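The values are calculated or read from the model by the stated rules, or taken from the named source; none is laboratory data. From a predicted model like this one, the values you see are computed outputs, not experimental measurements. Cβ coordinates were reconstructed from backbone atoms using ideal geometry, including for glycine residues, and neighbour counts include every protein chain displayed. Side chains are part of the model used for accessible areas, which takes the heavy atoms of the whole protein and leaves out ligands, DNA and RNA. Shrake-Rupley method; radii C 1.70, N 1.55, O 1.52, S 1.80 Å.
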Amino acid sequence: QIDIYVAVKDLVLVKQMYDIMEKEGFKCWGDYIQKDEPEEYFTKDKDGNREFSVHVMQYGNANLDDTIIFRDYLRANEKARESYIKLKLKLMEKFSDQDYNSYGKGKIDFLEDLKAKARLWDKAGRPS
């Protein structure tokens, strides 16, 4: 699955794009993720498997900033990246794409721990 993050100036205007996204084969979930700050969420599946998840957030959204820091941390830290991949593969085998909610819930504690480490790494000036 490919996760795509998009930053926009005005999240309200994204709702006007629902028809276009649906014509391209995406399901519009609205603010499905229900985090501290709103986002618009879209998915596209093929043959019952999730191909794309698109997260649209407004500039300044702390979750977007966290996501970028997390991405950069995984790029810089091979051990963290390999641990995350190993967990994802284990959960995919256990739950498959048919039970995406359980797959997602299975990552929560690990992700929160890893994101906390990523934030500390970022505050420390991103040492190599």
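A single entry from Arg71, Arg81 fulfils the requirement of being open to solvent by 40 Å² or more (accessible area, probe 1.4 Å), of a type outside the set (Phe, Trp, Tyr), modelled with pLDDT of 95 or more and not in a strand (DSSP E or B): Arg81. When the criteria are applied in full, Lys86 meets the requirement of being part of a helix (DSSP H, G or I), of a type outside the set (Ser, Thr, Tyr) and open to solvent by 70 Å² or more (accessible area, probe 1.4 Å). Of the candidates Asp65, Asp45, the single residue that is open to solvent by 30 Å² or more (accessible area, probe 1.4 Å) and assigned to a strand (DSSP E or B) is Asp45.
Note on region 1-42: residues that are in a helix (DSSP H, G or I) and either touching a Phe, Trp or Tyr at 6+ places or on another chain (Cβ under 6 Å) or of a type outside the set (A, V, I, L, M) (or both) total 7.
Scanning region 61-83 turns up no residue that is touching a Phe, Trp or Tyr at 6+ places or on another chain (Cβ under 9 Å), more than 21 Å from Leu120 (Cα to Cα) and without any contact (Cβ under 8 Å) to a residue 40 or more places away in the chain. Look at (1) open to solvent by 60 Å² or more (accessible area, probe 1.4 Å); (2) in a helix (DSSP H, G or I); (3) in contact (Cβ under 8 Å) with a residue 12 or more places away in the chain and you find that Ser128 fails only one, number (2).
Can you find, within region 89-125, the residue that is surrounded by the most Cβ atoms within 10 Å (Cβ to Cβ) among those that are under 23 Å from Asn49 (Cα atoms) and of a type in the set (Phe, Trp, Tyr)?
Among them, the one singled out is Tyr103.
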